[in-house]
1. Could you tell me whether region 193-200 includes any residue that is surrounded by fewer than 24 Cβ atoms within 10 Å (Cβ to Cβ), part of a helix (DSSP H, G or I) and at pLDDT 95 or above?
2. Given (1) closer than 27 Å to residue 275 by Cβ; (2) touching a residue at least 12 places away in the same chain (Cβ under 8 Å); (3) in a helix (DSSP H, G or I), where does residue 206 come up short, assuming only one miss?
3. Taking the residues in region 227-281 that are free of Cβ contacts under 8 Å to residues at least 24 places away in the same chain and outside any helix (DSSP H, G or I) as candidates, determine which candidate is surrounded by the most Cβ atoms within 10 Å (Cβ to Cβ).
């Protein structure tokens, strides 16, 4: 029995000694697999970071290109606005030479009077034609009065022309001061409706909308039947929109359409209302 027991223990010891290298090999293999998996995960993370960085660089390039496009469009838009402003001011300047100018004797075309010259007092003078509105959407034509209007006094025309020239030169603050000086000197002058209108424009173009609104309203209150009234009412509506008073602006534009049907001012008002309706969709 003792010999048999000794043999059994020896066999078990030999089996354990033989199994030890295999167990150690299995543990080593598991560690190697774990190490390889960790390396693969690190490589995948590195590749993901590289792809993310490349994508970020691409987005930054696209953003820079878009910024360049926006700046170019802004520059072109500013040029178009300036060209439109110069155009309608030039139109008003040339047509304004007929304001208070000498009436023709014969059916031939009347001679133009230089803006700085003092015209001879005629028996009658036509009302001026309106320039393009500051919105750049078109030209609002004045209604030419059939009745006679008194000629501008000796100092009235030069004072008005001086203010209008400042407006043409883009000196809006100076233009507003000169138009105010004109209106203080000639509150009921033949050019007073025009002065009120362009006073409002000088404030509108510099985004002084509250003061612009007062000027356009003064034109309508003081000279409701003047040739500038349609333009003044139209610009009053535009100014109300700029001040965020949309309901008042819409009501004013509808008033333009109802008071002056068929006029260019009414067509401009209708176009603005249609644009607003499309934007609201």
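The values are calculated or read from the model by the stated rules, or taken from the named source; none is laboratory data. Being a predicted model, the structure only gives us computed values, none of them experimental. Glycine gets a Cβ as well: all are built from the backbone with ideal geometry, and neighbour counts include every protein chain shown.
1. no
2. (3)
3. Checked region 227-281; the qualifying residue surrounded by the most Cβ atoms within 10 Å (Cβ to Cβ) is 245.
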